[in-house]
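Just below is one structure, and these are the notes that go with it.
The values are calculated or read from the model by the stated rules, or taken from the named source; none is laboratory data. Given the structure is predicted, the values throughout are model-derived calculations rather than measurements.
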Amino acid sequence: MTHDPFCSDAEDFLQTGNTQLWRGVYLHDLGQGSDASVSDSLYHALRKGTEALLDAEPEEALRLRRILLEANPYDSQALALGLKALRRSRDANAAGRFYAAYRLSYAEVGERLPERRKDFLEVTLPLPKDPTAQAQR
């Protein structure tokens, strides 16, 4: 695939699904201003990409989990994806520490997560549909 110099990495990602294009959080305030629907679409696609990589590439899923949680530390879907990626990487201790740290973070803002990460994963809903899908109809 040749790179179009006038096409952004965000556009390339949405067209190809190549998660390697992500290096950090989406800097929506650069360029022509911010558009929440662009950011929502990008992060929705990144969550879906992360979910698709859980079995085949758990290390890449872990990297993407960091980006998702840096963008929104209280994203329960990203937290669930991170736990699933850690479980697939076979590092139960890291999964326990990760979940304990997030339980504390959530508690600081008055949110209670289940004590056990297994219970959290059972109550966390599947990824929602694309947030822009209704707007495009």
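Given the criteria within 29 Å of Ala101 (Cα to Cα) and at pLDDT 75 or above, does His44 qualify? Spell out how you get there, then give the answer.
Numbers: within 29 Å of Ala101 (Cα to Cα): yes; at pLDDT 75 or above: yes.
Taking the combined requirement at face value, the residue satisfies it.
To keep it simple, each residue is scored yes or no on (1) at pLDDT below 75; (2) more than 14 Å from the chain's Cα centre (by Cα); (3) β-branched (Val, Ile, Thr); (4) over 22 Å from Val123 (Cα atoms).
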| position | (1), (2), (3), (4) |
| --- | --- |
| Gly24 | yes, no, no, yes |
| Leu27 | yes, yes, no, yes |
| Leu30 | yes, yes, no, yes |
| Asp40 | no, no, no, yes |
| Asn72 | no, no, no, no |
| Arg97 | no, yes, no, no |
